[in-house]
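First the structure, in the form of structure tokens, and then the observations on it.
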């Protein structure tokens, strides 16, 4: 069963999957530093420094980075809109779902949720308790409430501390074209 | 010429109105450091109404927007109790306010608040923001969200806004105790070194 989840996730994660498998194999063979929870995670778990490159890619795509968690009801409500945009505008728009679920929820809530909803977008976990350090680095005006979304291209970036409807999301992405 | 003047006046009036009545477009939404915080009269889990004005001997208040249903709020419950125990005797009690609409979040209903306060042994008032009138004035966006107020002769001034400390997940791994530092500095009459901090929280709904 665990292998099946892994396969589904690896497929869903698309082009970066090779790197992920390598990393998870690598970390599985290395002595775990603090605890073993990351080794068993089939999706990537980043601290803020690890996440940073995803927030500053310089290709020609429109990157949509959504900060969410399984316990956040307005996040769950808008998630299908991000999924839909990612599929409808594949090639132009790349959606990344950054989960802020707490470590204790990863296996109990997050992974089952990803599987049940068959999420197609890349899902990563941001696990970095030093929120007062990294929140302002994502956006200086972000109070820390979620849902929150960063949309950027190599030329412009905007941050939204609010939930989206599908129409609003499409309209906002259009302003980056 | 007169017509131009009238037209000009109209434009100014329209612009002023447009800015004045759209709080999201200005900084008018919520308090900044140094603002006077409004008092309130909200129902506590014991059924009594609580307002800041009732605390005659207080030197200040830790007004904390929190709730039953947010994992971050739950993670901080014990630390909120500890703050009250440490600072109530020094004149800075915790006043917790539950800002969510229970119709949207049934787990935050008044009866569930009563249960939670009983189970956890809250030593502080746990008030419901019925009608959700108080949290927008403060500008709280999420739970938990802390406002440290200093009681002055002419009102309560906002001295600190933000997170309790710098590590929600592990109280033992905390390096910076933002709220404790702020209260200690306030009570010592010193300027507060870190007046605003940020943390992830659950959107108030």
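The values are calculated or read from the model by the stated rules, or taken from the named source; none is laboratory data. Predicted, not measured: the structure shown is a model, and the values here were computed from it. All Cβ positions, glycine included, derive from the backbone under ideal geometry; neighbour counts span all protein chains shown.
Based on what the data block shows, is residue B:166 away from every other protein chain (no Cβ under 13 Å), outside any strand (DSSP E or B) and at pLDDT 95 or above? Steps first, answer last, please.
Numbers: away from every other protein chain (no Cβ under 13 Å): no; outside any strand (DSSP E or B): yes; at pLDDT 95 or above: yes.
In short, no.
If you check residue B:195 against the conditions, is it touching a residue at least 40 places away in the same chain (Cβ under 8 Å) and either under 16 Å from residue B:52 (Cβ atoms) or out of contact with any helix residue (DSSP H, G or I) (no Cβ under 7 Å at 6 or more places or on another chain) (or both)? So that I can check it myself, show each step before the final result.
On the way: touching a residue at least 40 places away in the same chain (Cβ under 8 Å): yes; either under 16 Å from residue B:52 (Cβ atoms) or out of contact with any helix residue (DSSP H, G or I) (no Cβ under 7 Å at 6 or more places or on another chain) (or both): yes.
Considered against the rule, which asks whether it is touching a residue at least 40 places away in the same chain (Cβ under 8 Å) and either under 16 Å from residue B:52 (Cβ atoms) or out of contact with any helix residue (DSSP H, G or I) (no Cβ under 7 Å at 6 or more places or on another chain) (or both), residue B:195 comes out as yes.
Looking for something surrounded by 20 or more Cβ atoms within 10 Å (Cβ to Cβ), under 17 Å from the mean Cα position of the chain (by Cα) and farther than 18 Å from residue A:96 by Cα - is there at least one such residue anywhere in the stretch A:130-139?
Looking for residues that are surrounded by 20 or more Cβ atoms within 10 Å (Cβ to Cβ), under 17 Å from the mean Cα position of the chain (by Cα) and farther than 18 Å from residue A:96 by Cα, one finds at least one in the stretch A:130-139, hence yes.
Within the stretch B:150-163, count every residue that is out of contact with any helix residue (DSSP H, G or I) (no Cβ under 7 Å at 6 or more places or on another chain) and either in a loop (DSSP other than H, G, I, E, B) or closer than 24 Å to residue B:205 by Cα (or both).
Going through the stretch B:150-163, the residues out of contact with any helix residue (DSSP H, G or I) (no Cβ under 7 Å at 6 or more places or on another chain) turn out to be B:151-155, B:157-158, B:161.
Narrowing the set further to residues that are either in a loop (DSSP other than H, G, I, E, B) or closer than 24 Å to residue B:205 by Cα (or both) leaves B:153-154, B:158, B:161.
So the answer is 4.
Quick check on my filter: what residues within the stretch A:67-94 are within 14 Å of chain B (Cβ to nearest Cβ), touching a residue at least 60 places away in the same chain (Cβ under 8 Å) and within 20 Å of residue A:168 (Cβ to Cβ)?
Restricting attention to the stretch A:67-94, the residues satisfying the condition of being within 14 Å of chain B (Cβ to nearest Cβ) are A:67-78.
Within this subset, residues satisfying the condition of being touching a residue at least 60 places away in the same chain (Cβ under 8 Å) are A:67-69, A:72, A:74-75, A:77-78.
A:67, A:68, A:72, A:74, A:75, A:77, A:78, listed by residue number.
For the stretch B:169-184, how many residues are in a helix (DSSP H, G or I), more than 8 Å from chain A (Cβ to nearest Cβ) and within 19 Å of the chain's Cα centre (by Cα)?
Looking only at the stretch B:169-184, we keep the residues that are in a helix (DSSP H, G or I), and these are B:171-173, B:178-184.
Cutting the leftovers down to more than 8 Å from chain A (Cβ to nearest Cβ) gives us B:171-172, B:179-184.
After this cut, where a residue has to be within 19 Å of the chain's Cα centre (by Cα) as well, the list is B:179-184.
So the count comes out to 6.
Could you please find all residues in the stretch A:144-164 being in contact (Cβ under 8 Å) with a residue 40 or more places away in the chain and closer than 16 Å to residue B:203 by Cβ? Working first, answer last.
Narrowing the stretch A:144-164 to residues in contact (Cβ under 8 Å) with a residue 40 or more places away in the chain: A:146-154, A:163-164.
Residues satisfying the conditions are A:146, A:147, A:148, A:149, A:163, A:164.
Every residue in the stretch A:99-122 that is within 11 Å of chain B (Cβ to nearest Cβ) and either modelled with pLDDT under 95 or farther than 19 Å from residue B:197 by Cβ (or both), please.
Residues of the stretch A:99-122 within 11 Å of chain B (Cβ to nearest Cβ): A:100-105, A:109.
Of everything in the stretch A:99-122, those that are within 11 Å of chain B (Cβ to nearest Cβ) and either modelled with pLDDT under 95 or farther than 19 Å from residue B:197 by Cβ (or both) turn out to be A:101, A:102, A:103, A:104, A:105, A:109.
So for the stretch B:163-174 (the condition being buried (at least 16 other Cβ atoms within 10 Å of the Cβ), touching a strand residue (DSSP E or B) at 6+ places or on another chain (Cβ under 7 Å) and touching a residue at least 40 places away in the same chain (Cβ under 8 Å)), does at least one residue qualify?
yes
Kindly indicate the residue of the stretch B:67-84 that is more than 14 Å from chain A (Cβ to nearest Cβ) and surrounded by 13 or more Cβ atoms within 10 Å (Cβ to Cβ) and also farthest from residue B:121 (Cα to Cα) among those meeting that condition. Talk me through it step by step, then tell me what you get.
Here is the first cut: in the stretch B:67-84, the residues more than 14 Å from chain A (Cβ to nearest Cβ) are B:77-78, B:80-84.
Of the ones still in play, those that are also surrounded by 13 or more Cβ atoms within 10 Å (Cβ to Cβ) are B:77, B:80-84.
Working: B:77: 10, B:80: 11, B:81: 8, B:82: 11, B:83: 14, B:84: 12 Å.
Out of the qualifying residues, it is B:83.
Restricting attention to the stretch B:115-134, does a residue exist that is within 13 Å of the chain's Cα centre (by Cα) and within 11 Å of chain A (Cβ to nearest Cβ)? Working first, answer last.
Going residue by residue through the stretch B:115-134, those that are within 13 Å of the chain's Cα centre (by Cα) are B:126-129, B:132-134.
Next, only the ones that are within 11 Å of chain A (Cβ to nearest Cβ) stay: none.
No, there is no match, as no residue in the stretch B:115-134 is within 13 Å of the chain's Cα centre (by Cα) and within 11 Å of chain A (Cβ to nearest Cβ).
Hey, can you tell me all the residues within the stretch A:42-51 that are within 14 Å of chain B (Cβ to nearest Cβ) and either farther than 20 Å from residue A:138 by Cα or surrounded by 16 or more Cβ atoms within 10 Å (Cβ to Cβ) (or both)? Working first, answer last.
From the stretch A:42-51, those within 14 Å of chain B (Cβ to nearest Cβ) are A:45, A:47-48, A:51; that's our starting set.
Within the stretch A:42-51, A:45, A:48, A:51 qualify.
Yes/no matrix, rows are residues, columns are (1) more than 10 Å from chain B (Cβ to nearest Cβ); (2) at pLDDT below 95; (3) closer than 17 Å to residue B:141 by Cα:
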{"position": "A:124", "(1), (2), (3)": "yes, no, no"}
{"position": "A:133", "(1), (2), (3)": "no, no, no"}
{"position": "A:148", "(1), (2), (3)": "no, no, yes"}
{"position": "A:153", "(1), (2), (3)": "yes, no, no"}
{"position": "A:158", "(1), (2), (3)": "yes, no, no"}
{"position": "A:162", "(1), (2), (3)": "no, no, yes"}
{"position": "A:166", "(1), (2), (3)": "yes, no, no"}
{"position": "A:169", "(1), (2), (3)": "yes, no, no"}
{"position": "A:173", "(1), (2), (3)": "yes, no, no"}
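If you take the residues in the stretch B:186-200 that are surrounded by fewer than 18 Cβ atoms within 10 Å (Cβ to Cβ) and more than 16 Å from residue B:138 (Cβ to Cβ), which one is farthest from the other protein chains (Cβ to nearest Cβ)? Break it down stepwise before answering.
We begin by selecting, within the stretch B:186-200, every residue surrounded by fewer than 18 Cβ atoms within 10 Å (Cβ to Cβ); these are B:187-191, B:193-194, B:196.
Next, from what is left, pick out any that are more than 16 Å from residue B:138 (Cβ to Cβ): B:187-191, B:193-194.
On the way: B:187: 22, B:188: 23, B:189: 25, B:190: 21, B:191: 19, B:193: 13, B:194: 9 Å.
Here the residue is B:189.
Within the stretch A:52-60, is even one residue touching a helix residue (DSSP H, G or I) at 6+ places or on another chain (Cβ under 6 Å), at pLDDT 95 or above and surrounded by 18 or more Cβ atoms within 10 Å (Cβ to Cβ)? Before you say what the answer is, go through the steps one by one.
Going through the stretch A:52-60, the residues touching a helix residue (DSSP H, G or I) at 6+ places or on another chain (Cβ under 6 Å) turn out to be none.
Among the residues of the stretch A:52-60, not one is touching a helix residue (DSSP H, G or I) at 6+ places or on another chain (Cβ under 6 Å), at pLDDT 95 or above and surrounded by 18 or more Cβ atoms within 10 Å (Cβ to Cβ), which makes the answer no.
Before we move on, is residue B:136 surrounded by 15 or more Cβ atoms within 10 Å (Cβ to Cβ) and closer than 14 Å to residue B:65 by Cα? Show your work before the answer.
Values: surrounded by 15 or more Cβ atoms within 10 Å (Cβ to Cβ): yes; closer than 14 Å to residue B:65 by Cα: yes.
For residue B:136, the condition - surrounded by 15 or more Cβ atoms within 10 Å (Cβ to Cβ) and closer than 14 Å to residue B:65 by Cα - is met.
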